[in-house]
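The values are calculated or read from the model by the stated rules, or taken from the named source; none is laboratory data. Model, not experiment: these values are computed from the prediction. Neighbour counts are summed over all protein chains in view; Cβ atoms, including those assigned to glycine, are modelled from backbone coordinates with ideal geometry.
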Amino acid sequence: MGDLTIYGDCDPRFERVRGTFVENFQRHGEVGAAVSVMVDGHCAVDLWAGHADQAKTRAWERDTIVNVWSTTKGLCAMCAHRLADHGQLDFEAPVAKYWPEFAQAGKGMIPVSYLLNHKAGLAAIRAPLRDEELFSW
């Protein structure tokens with residue numbers, strides 16, 4: 001895989017991140033990817049490489065848009081628990097207490113905990129989406 005070009009910048013303190021990024025291509029068959037790490041408000045890692053499609057017809061660019069699916073769940077849980085620890089979020093309170101618009105369409109009594117553990121009964125994607133639908137507001 002000698003033709004792989006890694007673009008971007010990486011603070012020398014984060015060379016292990018760069019190495020793992022490269023390894024994903026060399027050992028695990030990554031097609032295209034990007035990684036960015038902020039430390040104390042400064043960008044320490046900003047790397048991208050590969051292709052934005054399986055056919056390898058579009059290069060991965062610095063601003064390639066991708067669907068990240070559930071990668072934010074861990075951060076959301078951490079933030080929610082910190083807020084709860086500080087008395088700023090009650091898991092059993094209705095979501096609408098914090099987000100009034102959420103109460104529309106009969107959802108007014110759904111507690112925060114139901115959102116965090118997927119018990120709210122909200123709509124889910126039941127059929128595969130076309131690429132253009134993934135990015136349609």
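Some observations on this one:
- All conditions in (1) touching a Leu at 6+ places or on another chain (Cβ under 6 Å); (2) part of a strand (DSSP E or B) hold for ASN67, with the sole exception of (2).
- Being of a type in the set (Asp, Glu) and surrounded by 11 or more Cβ atoms within 10 Å (Cβ to Cβ) is not true of GLU101.
- All positions within segment 96-137 that are in contact (Cβ under 8 Å) with a residue 60 or more places away in the chain and assigned to a loop (DSSP other than H, G, I, E, B): PHE135
- Scanning segment 1-40 for residues being in contact with a helix residue (DSSP H, G or I) (Cβ under 6 Å, 6 or more places away or on another chain) and more than 22 Å from VAL68 (Cβ to Cβ) gives a total of 2.
- Segment 49-73, subset surrounded by 15 or more Cβ atoms within 10 Å (Cβ to Cβ) and in contact with a helix residue (DSSP H, G or I) (Cβ under 9 Å, 6 or more places away or on another chain), residue farthest from ILE6 (Cα to Cα): GLY50
- Selection status of PHE91, among the aromatic types (Phe, Trp, Tyr), modelled with pLDDT of 95 or more and outside any helix (DSSP H, G or I): yes
- Of the listed requirements (1) surrounded by 11 or more Cβ atoms within 10 Å (Cβ to Cβ); (2) of a type outside the set (Lys, Arg); (3) in contact with a helix residue (DSSP H, G or I) (Cβ under 9 Å, 6 or more places away or on another chain); (4) closer than 30 Å to LEU4 by Cβ, CYS43 misses just one: (3).
Let's see how each residue does on (1) of a type in the set (Lys, Arg); (2) within 28 Å of THR20 (Cβ to Cβ):
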residue	(1), (2)
ALA52	no, yes
THR71	no, yes
ALA96	no, no
VAL112	no, no
LYS119	yes, no
ALA124	no, no
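- Which listed residue, of VAL68, VAL35, VAL31, is touching a residue at least 24 places away in the same chain (Cβ under 8 Å) and not charged (D, E, K, R): VAL31
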